[in-house]
Every structure is written in C-alpha cells, then in structure tokens.
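**Student:** After the structure tokens below, expect a handful of questions from me.
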Amino acid sequence: MYGVLTLLSLLPVLVVGQVVWIVLTEGDTLRDRAESQARSSVEIPAMRGMILDREGRALAMNTARYDLALDPTIEGFRAQQQMFFDSLSTLTGTRAATYRQRVDQRSSPQYVRLERYLTEEQAESVREWDIPGVILTPRFERRYNYDSAAAQVLGHVDADGRGIAGLEQEYNEYLSGTPGRRAVKRDRLGRIEVFVGGSVVEPEHGENIELTLDLIRQSILEDELERAVRESESSWGTAIAMDPHTGAVLGMANVPTYDPNRPGSFSSGERRNRTIANQMEPGSTFKLVGAAAALEQDVVSLDDSIDTGDGWAVFHGQTMRDVVAHGTIPFADVVAKSSNVGMAKTARQMDRGTLYQYARNLGFGQSTWIDLPGEVGGNLKRTSEWSGTTLTSMSIGYEVDVTPLQLAAAYSAVANGGELMQPYVVSERRDMTGETIWEQDPQVVRRALQEETTEQLRATLRRVVTDGTGTAAQVGALPVAGKTGTALKAVGGSYDAGTSRASFAGFFPADDPEVTLVVVLDEPNARLAGGRVAAPLFQRIAQRWVGTFPDVHRHLAERQEEGEIGGEPEEKMLTSTASLDERADAGDNAMPDLRGVSTREAVRWLRERGVEVELEGRGAVTNQWPSAGASLPSQVRLRGGG
C-alpha cells in the first residue's frame, strides 16, 4: 500500500518534469507550430473579365461591392472613431449608434464587420477618410448590361461566379482570373483578427474577351425574330448570321429567351441555344447538297430538263408530292421552285455514297467546333444504315438531322467560293490593361466544293428569290440568294401534316456575299411554308442590317447610279415595306419605328412635320430617341449604321 502511495505522490513531479523537458528541448518548434496554426488567410477575389461586343460595348461585366470591417484596437482609431461613425452613418443611412454598438459587442477582439455590399463610390469615400484599422474587402457581382441581349451566347454564372452556360462556361478559365490571399490571425475559437504586417498576395484579374457580335445588329436580329414568332404563333424561333469568308458569327438569337441576370427565373427551354443544340430535319434548304453533288459530278446541268410529271411520284412504295405540278422544267427551276419530285429523280441518278460524301464535305453529321458549349453534331446516317427510301428522302431534307448553325456553315461555303469555315464567336482576348494577348485566326475546315460549282449554285439560289419560292426575301436593289424550307414534323412515329417547321437559308449581297443568314420558325400557325413566313423574316433582317455595312451600302448605291442593277433607289431599299405613315400607327402625333429606314428618308419625314433632327452616322437608322410609340417631340436624335 505504501509503495502505491509513494508512486502516486511522485506522479505530479514526473508530469512537471516531462513538461519542463519538452519546453527546454522542443519549445521553439512548438511555439512556431502554434503561431502557424493561429495564422490563416482569407481570399481576395479576382475580378472576372468583361465580355465585349465587337465595338467594345460591355455586354457582361462585374459590379464591384465591398465588405467593410474594422480592427478597433489599431493605434489611432479611438481618436477618430466618432468622426468615423458619423461619416459612415451619413454614407449608408444607418445610425452611428448602431455601428458603435456593433463594435462594442464584437465577438472577436480585433475584427468586426460593419457593412456589406458597399458600392465603389461608397468604398472610395471610406478610403478618403484614411481611418486606421478600416478593412475593405472587394466582392464582385456579375451584371449583364443589356438584360436578354445575346443571352444564350453569353450564358451566365453560378452563385460563386463560375461560368455554367454559354461563353461564360466556355471561356471560364480565361475570364475568372486567380484569387489573391491576405494573411490574418485566428484565435482559439477560430475568430478572425487582423494580422498587422501580414503578407498580401494580390489577385490576378481575369481577361476580357471581345466578340464578333455587334449589339445593334444583335438587337435587330432579336427584335425581328421575336416579332416573327409572335405573329406566326410559332413555338420557338432561332436565327444565325455569319461572315461567310471568316466564319465569324455576326448574330445569334433565340426566342423564347431569358435574362442571365436572373437565370433561375426561366426554364431550361428558355435558356436553350437552339442554334447549336437543336437538330432537325431541314426540308428543302438541304436541297443545296443534292444540287451541289449533281452539278459537280456532272449528273445534270442547270439547263437539263427534268420531268416532274403531275407533281407526284412513287419511290420505294412511298408517294412524294410537289406543292404544285411543274411538268418538265430545267434543273435550275427544280431548285428555284423547290420540286421534291425533280430533286428525288435527280438524286436517283447518283449512288448513295456521292450524296453522303457531299453532305459530309459540307459539314453535316459532325460538330462545327464553334467556341460554345452544348453543340450537337446532327445525324447523318452512314450508307450502310440507309433504307430504300433514304437516298430520295435525304435529297429533299428528310432522314437527316442538322442544326441551324450547320446550315449556315454550308451556305457560307457556297457564298465564299467553296471553303467550309469553322464558326467562332470570340475574336480576341485582352488583359485588364487592354493589351491583346490572343487573336482568333479564321480556320478553313476543308474545301467542300469547286469554285465553279459555287458560281452555279449562287446563280440558282438567286433565282429562288427572284422567280421561285423565296420572292418574299427580296430587299429592293439588294441582290439576295437563298433557299426556302418547309419540313413536316414527325409526331408519334409518322409525319403530321398539321405541324411543320419553316426556314430560309441564304446570303447577301448575292454577287459579293458579306452575310450568311439562316432563320427557323417551329410550328408556325396554319402550317405556313418557309416562303410565306421565314422568307419575310429574312427580308426584314437583311433590310435593317444592310445599313450597318457601309461598304455594302455604298457599293450598291454606286452600282445603281451606274445603271448596273435595277430596283428602287437606295433610300427606298432601306425603307420598311410599310411606309413611314403606316408605321406611325397613331397618326402624325406618334413617333414611328425608324430603325432600318434610311437616315435620308427618316430625316425628310421628320422635318416635314417640323421636328428638328440630330443625326449621327449615315445609312440605315439603328437607334432612335425617343422610342417608337412616344408622342412626336420637337427634337429627335437618330443614329445611323454608317
């Protein structure tokens, strides 16, 4: 018993001795470890780069907000605290006593947060006070300055500022930057204290990206698409415009659309970029492929006669019909008048491998590799998977699925002389100082067609607009080439004669193309054909866009003066189908929609009514103040595209 008591009495001595030993031999190491554990760091967020249109307008940018915190133990604060509380109260509208109470009741001796989400102007005011102990920490919120403009192209970010759709997702690596760090201390309860003299690693801010889109053209594209969807009662619509020579996307629009400032308030269908994510049977716009193959392989010439009979024919047990009977017509009219029978009979003169190869050459059945997420590659069946009807069906745009973007790329190849271009939306990346660090180099995917073939196709597609199914796409003196398309939709495994998809694919000016444009309307009312609903949409967009291309506008005017082309005078060419008087629905006292009208015609109309006009630019009107529908004022400001 005495031995046990002796051992127990020695135990405290042994413990103390062990502690002394540790302090003497490992004290410095443990102190360093404790200090290291007490120190920590907080993240300094990097500013996300801006997304700019081709003219430098900020489509997406970060709005800076600041958290205001305080270390009241810092020397010099106490002497200025009353002035600080009073000034902060004036700045924010919160009572000075409230701030004093927050400081007095703080949980951390050296840290208390007083405000969140101060604006840049408020933060600058706080900096100017130069109060010791004040800590301003930046926070950034993403802002889309033009709401739904180019929404599906831009995409949006999540709550943490990471891109999760559109360009925000595709270029997140470049836009996001690298956060910095600020050293702080944490007490035993994990509360933050300011670490005076601690290290600060400044953030590396994200890069800005400049797009190939122009906000004015994009707005026109969206305005006209929304109007067409509404008036035709379509379920959705999409439009894509490209520079045929470079692949640069000039405009991309979808209806319905959404506001990326509030993405959670909209459905996935409204956020969907149907230009690249929807694949569809294209109908007659796909006749371009059969025509290209037949002409280049010398199966037919444009002047060869094709017997379309009474407008119907049976192929492998299935009856194919034309809208009207054409009898015997030249192959050029098979395309211009969109004869299904004539195209199918021509396709039967080719082997299946030829049609398939030309479809592949023109980019169908494969991704275009545009710099946007979510693109689908369409569906082009291998010849081993073809049925007996595939050859004739595919020649008129059935048994094949394509995207609107693929159609635009294929028609661009015809417009530019035969080269399939890779589409792109971002033209360059710049650092925060504005220095360009990367530029897009237009990429030729392959030579899809011989130049001679494209010359024949351009002439044929021009004929579609002057004498065929696409006359509603004509724009005065502007030569337009293109092809209408109307495709029945499959419902429950069979085609429904009551539901269709209307489209128009083309380019302008037809003799020297600057723009390829494809428009698609899904399930328009009364089963409207592409020539009746999509071609007029193409026409209205082209009519308003041409004024934003000064070289095209000037070239047309010069050629018209020299008598090379006919048509209406150039200012009439830019005027809407409805006269300005008709546009002013409420009479002379209402401001009409002047966008797309030539500046000369708009100025004349306004001055006739005693309105003073301030004009910026020339060509077609792209912006007006006040907007349409307002009372006609004494002074109007107009901006032209040239």
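**Student:** Compute, for TRP129, the solvent-accessible surface of its heavy atoms (probe 1.4 Å) with the complete set of protein chains present, and express it in square angstrom to the nearest 10.
**Tutor:** 60 Å²
**Student:** Give a residue-ordered list of calculated ³J(HN,Hα) values for the range 237-248 (Karplus: 6.51 cos²θ - 1.76 cosθ + 1.60, θ = phi - 60°; whole Hz; x for Gly, Pro).
**Tutor:** So the J values, rounded to whole Hz, are x, 8, 8, 9, 10, 9, 7, x, 8, 10, x, 5.
**Student:** In deg cm²/dmol and to the nearest 500, what is the mean residue ellipticity at 222 nm of the chain if only DSSP H runs of at least 4 residues count, each as -39500 (n - 2.57), divided by the residue total?
**Tutor:** Result for the chain, helices only: -10500 deg cm²/dmol.
**Student:** Any aspartates and glutamates with Cα under 12 Å of the LYS337 Cα? List them, leaving off those in the same chain fewer than 8 positions away.
**Tutor:** Leaving aside aspartates and glutamates fewer than 8 places away in the same chain, those within reach of LYS337 are ASP322, ASP467.
**Student:** Follow-up. Using the Kirkwood radius built from alpha carbon pairs, what does the Stokes-Einstein equation give as D for the range 184-328 at 10 °C and 1.306 mPa s, in µm² per second?
**Tutor:** 73 µm²/s
**Student:** Rounded to a whole number of µm²/s, how large is the Stokes-Einstein D of the range 245-294 at 37 °C and 0.692 mPa s, given Rh as the Kirkwood radius over C-alpha pairs?
**Tutor:** 237 µm²/s
**Student:** With a 1.4 Å probe and all protein chains kept in place, how much accessible area does ILE370 have, in Å² rounded to the nearest 10?
**Tutor:** Surface open to solvent at ILE370 totals about 10 Å².
**Student:** Using only the heavy atoms of the protein chains and a 1.4 Å probe, how would GLU451, GLU170, GLU428, GLU270 rank by accessible area, largest first?
**Tutor:** So, going from the largest accessible area down, we get GLU451, GLU170, GLU270, GLU428.
**Student:** Which listed residue (LEU302, GLN169, GLN82) has the Cα farthest towards the positive end of the charge dipole for the chain, taking +1 on Lys and Arg C-beta and -1 on Asp and Glu C-beta about the Cα centre?
**Tutor:** Farthest along the dipole direction, towards plus: GLN82.
**Student:** Read phi for every residue in the range 486-497 and hand back ³J(HN,Hα) as whole Hz from Karplus 6.51 cos²θ - 1.76 cosθ + 1.60, θ = phi - 60°, with x for Gly and Pro.
**Tutor:** Ordered by residue, 3J(HN,Hα) equals 9, 10, 5, 9, 7, 10, x, x, 9, 6, 9, 5 Hz.
**Student:** Can you sort LYS483, LYS489 by 1.4 Å-probe accessible area, starting with the largest?
**Tutor:** Result of the area sort, largest leading: LYS489, LYS483.
**Student:** Now for a different question. Using unit Cβ charges (K, R positive; D, E negative) and no other charged atoms, how large, in debye to the nearest 20, is the dipole of the chain about its Cα centre?
**Tutor:** 1980 debye
**Student:** Report the residues of the range 406-437 in range of a label on ARG447: point 7 Å along Cα→C-beta, backbone N strictly under 17 Å from it.
**Tutor:** 413-422
**Student:** Here's another thing I want to ask about it. When the Kirkwood hydrodynamic radius is evaluated over all pairs of different C-alpha atoms of the range 589-642, what value in angstrom, to one decimal, is obtained?
**Tutor:** Kirkwood radius, the range 589-642: 10.6 Å.
**Student:** Using only Cα atoms, find the angle between the long axis of helix 2-38 and the longest principal axis of the chain, and express it within 0 to 90 degrees, rounded to the nearest 10.
**Tutor:** For 2-38 against the chain, the angle is about 50 degrees.
**Student:** Would you mind computing the Rg to Rh ratio of the range 60-161 from its alpha-carbon coordinates, Kirkwood style for Rh?
**Tutor:** 1.11
**Student:** Sort HIS245, HIS326, HIS316 by heavy-atom solvent-accessible area, probe 1.4 angstrom, most to least.
**Tutor:** Final ranking, largest accessible area leading: HIS316, HIS245, HIS326.
**Student:** Tally up the carbon and sulfur contribution to the accessible surface of the chain as a whole percent, 1.4 Å probe, everything protein left in place.
**Tutor:** Working: 13380 of 29210 Å².
Roughly 46 percent of what the probe reaches on the chain is carbon or sulfur.
**Student:** If you split all Cα-Cα distances of the range 438-500 into 10 Å bins from zero, what percentages do you get per bin, shortest first?
**Tutor:** Bin by bin from 0 Å, the calculated values are 18, 25, 27, 26, 5, 0.
**Student:** Rounded to the nearest 10 Å², what accessible area does VAL376 show when all protein chains are kept and the probe is 1.4 Å?
**Tutor:** The accessible area of VAL376 comes to roughly 40 Å².
**Student:** Assuming a viscosity of 1.306 mPa s and a temperature of 10 °C, what translational diffusion coefficient in µm² per second does Stokes-Einstein assign to the chain, Rh being the Kirkwood radius over Cα pairs?
**Tutor:** D = 55 µm²/s.
**Student:** When the Debye formula is applied to the Cα atoms of the range 328-462, each taken as the same point scatterer, what base-10 log of I(q)/I(0) results at q = 0.09, 0.10, 0.18, 0.19 Å⁻¹?
**Tutor:** Debye output, listed in q order: -0.34, -0.41, -1.10, -1.20.
**Student:** Oh, and also: Among ILE220, SER267, GLN101, whose Cα projects farthest towards the positive end of the dipole of the chain, with charges put on the beta-carbon of Lys, Arg (+1) and Asp, Glu (-1)?
**Tutor:** GLN101
The values are calculated or read from the model by the stated rules, or taken from the named source; none is laboratory data. What you are looking at is a predicted structure, and each value in this text was computed from that prediction instead of being measured. For neighbour counting, all protein chains shown are included, and Cβ atoms are generated from backbone atoms with ideal geometry for every residue, glycine included. Accessible surface areas use protein heavy atoms only, side chains included; no ligands, DNA or RNA. Shrake-Rupley method; radii C 1.70, N 1.55, O 1.52, S 1.80 Å.
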